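Below is one structure, written out as structure tokens; the observations come after it.
FYI, it's all coordinate maths here, none of it is from the lab. For clarity, every value in this text was computed on a predicted model and none was experimentally measured. Glycine gets a Cβ as well: all are built from the backbone with ideal geometry, and neighbour counts include every protein chain shown.
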Amino acid sequence: MNLWLRLLRVIVGALLGRRIGLFKASALTFRVWPTDLDLNIHMNNARYLSVMDLGRTDLIIRTGLHKLMLRHKWQAVIGGATVRYRRPLKPFQRFDLSTRLLYWDDRWIYLEQTITTADGAVACSAMVKAVFTAGGKRVSPAETVAAAGHDAPSPEVPGWVNAWQAMEQTADTARAV
């Protein structure tokens, strides 16, 4: 199925569906179509990332962030992702995508996305850092979350996120030399 049709389905479903809190997981179900396949006859690794875009779209709409984006002319921008592919998805196989906000710091909003098979096995998982921008400038994550009606501090940073951040800083430092 073409991604444009999936996008339309996600937008309409999210607009007509129930709202969720900022820390609730968005849940979507898809099927692997022939247009999703690579030469190995399983879902192409790039398609996982495209489907995850749809999960973030659903989360933005269901939490009401889309209204803020329209009002303030914000854009959601991905700053990085770490993806783990664990098992292939075969043609016509059904799968579920879960997307949830983990926490935020002074620069990024961190999301966890997981694709599971019908029997609950993890096929792919990703850690994504994102930010909203307006006029080419960052909107602070704290401002974004406050505008969404959440005035409490960020949840605690998961330990594995600290490890990912340290890895990124090490890689950035090594490239700068």
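Multiplying the residue separation of Arg87 and Glu143 by 0.36 nm and subtracting their alpha-carbon distance yields 16.4 nm. For the stretch 119-173, the set of GluC sites (Glu not before Pro) satisfying both a DSSP loop assignment and a count of at most 15 other C-beta atoms within 10 Å is given as Glu156. Normalised radius of gyration (Cα atoms, divided by 2.2 N^0.38 Å) for the stretch 55-111: 1.42.
Result for the chain in a Gaussian network model with C-alpha springs under 10 Å: among Leu111, Leu97, Leu70, the largest mean-square fluctuation is at Leu70.
Note on the stretch 3-176: Kirkwood hydrodynamic radius from all Cα pairs is 17.1 Å, rounded to one decimal.
Suppose we flag chymotrypsin sites (Phe, Trp or Tyr not before Pro) only when DSSP calls them loop and at most 13 other Cβ atoms lie within 10 Å. Which is the longest uninterrupted stretch of the chain? Of all site-free stretches, the longest is 93-177. Between Pro88, Pro153, Pro141, the GNM of the chain built on Cα springs shorter than 10 angstrom shows Pro153 fluctuating the most. For the stretch 75-177, the Kirkwood hydrodynamic radius from C-alpha pairs, put into Stokes-Einstein at 37 °C and a viscosity of 0.692 mPa s, yields a diffusion coefficient of 211 µm² per second. In plain terms, the chain from Val157 to Thr173 could stretch by 3.5 nm, reckoned as 0.36 nm per residue minus the Cα-Cα distance. Where in the stretch 1-16 does the label zone of Asn44 land, with the point 7 angstrom along Cα→C-beta and an amide N cut-off under 13 Å? In the stretch 1-16, the label zone of Asn44 (backbone N under 13 Å from the point 7 Å along Cα→Cβ) covers 1-4. Spatially close Lys pairs in the chain, defined by Cα atoms under 22 Å apart and a spacing of eight or more places or different chains, total 7.
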